[in-house]
1. Counting other Cβ atoms within 10 Å of each Cβ, which GluC sites (Glu not before Pro) in the stretch 1-77 have at most 12 and sit in a DSSP loop?
2. Trypsin sites (Lys or Arg not before Pro) within the stretch 1-81: which are DSSP loop residues with at most 12 other Cβ atoms inside 10 Å?
3. Any idea of the accessible area per residue across the chain, 1.4 Å probe, to the nearest Å²?
4. When a/c reaches 1.5 or more, the comparison of a/b and b/c decides; with that in mind, is the stretch 12-109 rounded, prolate or oblate per its Cα gyration tensor?
5. Placing unit charges on C-beta atoms (Lys and Arg positive, Asp and Glu negative, everything else neutral), compute the dipole magnitude of the stretch 8-85 about its Cα centre in debye, rounded to 20.
6. At a 1.4 Å probe radius, carbon and sulfur cover how many percent of the accessible area of the chain?
7. When we measure straight from the Cα of LYS43, which lysines land under 28 angstrom away, once same-chain ones fewer than 8 places off are left out?
8. I want the local charge near ALA33. Using Cβ-Cβ distances under 10 Å, sum +1 for each Lys or Arg and -1 for each Asp or Glu among the other residues.
Amino acid sequence: QVQLVESGGGLVQAGGSLRLSCAASGRTFSSYAMGWFRQAPGKEREFVARISWSGGGTLYADSVKGRFTIFRDNAKNTMYLQMNSLKPEDTAVYYCGRHSGGSWWSDSSYDYWGQGTQVTVSS
């Protein structure tokens, strides 16, 4: 069984930064690609970023490219999302998920999810 726990969310002013963490249980963390998604009120969950199992390959949504950085530490079973130059439209609940295969931009391709962490960006 895999458990994912996000942390690091909070309230920040526009232009500020936050770093989210996703801590994973189990011994298979380093074998899987991982991703971040977010869901704003009244909207569907959307892809934010994905990282390969080794950390050598990353993908980003156009809306966050250049502002967010996804990285991981397999020795600590933890993935991160560094968010800089935050905008009010980044306000959402952020979820980490384990990519089990298939389309990396689709949440149906992720088999385990954390409970989410709220990020609120004030203008």
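The values are calculated or read from the model by the stated rules, or taken from the named source; none is laboratory data. The shown structure was predicted, so the numbers you read here are calculated from the model rather than taken from an experiment. Cβ: placed from backbone, ideal geometry, glycine included. Neighbour counts: every protein chain shown. Surface accessibility is based on the protein's heavy atoms, side chains included, excluding ligands, DNA and RNA. Shrake-Rupley method; radii C 1.70, N 1.55, O 1.52, S 1.80 Å.
1. Numbers: sites: GLU6, GLU44, GLU46; in loops: GLU44.
Answer in residue order: GLU44.
2. Details: sites: ARG19, ARG27, ARG38, LYS43, ARG45, ARG50, LYS65, ARG67, ARG72, LYS76; in loops: ARG27, LYS43, ARG45, LYS65, ARG67.
Passing sites in the stretch 1-81 are ARG27, LYS43, LYS65.
3. Values: 6210 Å² over 123 residues.
That works out to 50 Å² for each residue.
4. prolate
5. Values: 10 positive and 4 negative charges, 20 e Å.
The dipole of the stretch 8-85 has a size of about 100 debye.
6. Numbers: 2920 of 6210 Å².
It is 47 percent, rounded to a whole number.
7. Output for LYS43: LYS65, LYS87.
8. Numbers: positive: ARG50, ARG72, ARG98; negative: none.
Overall, the nearby charge balance is +3.
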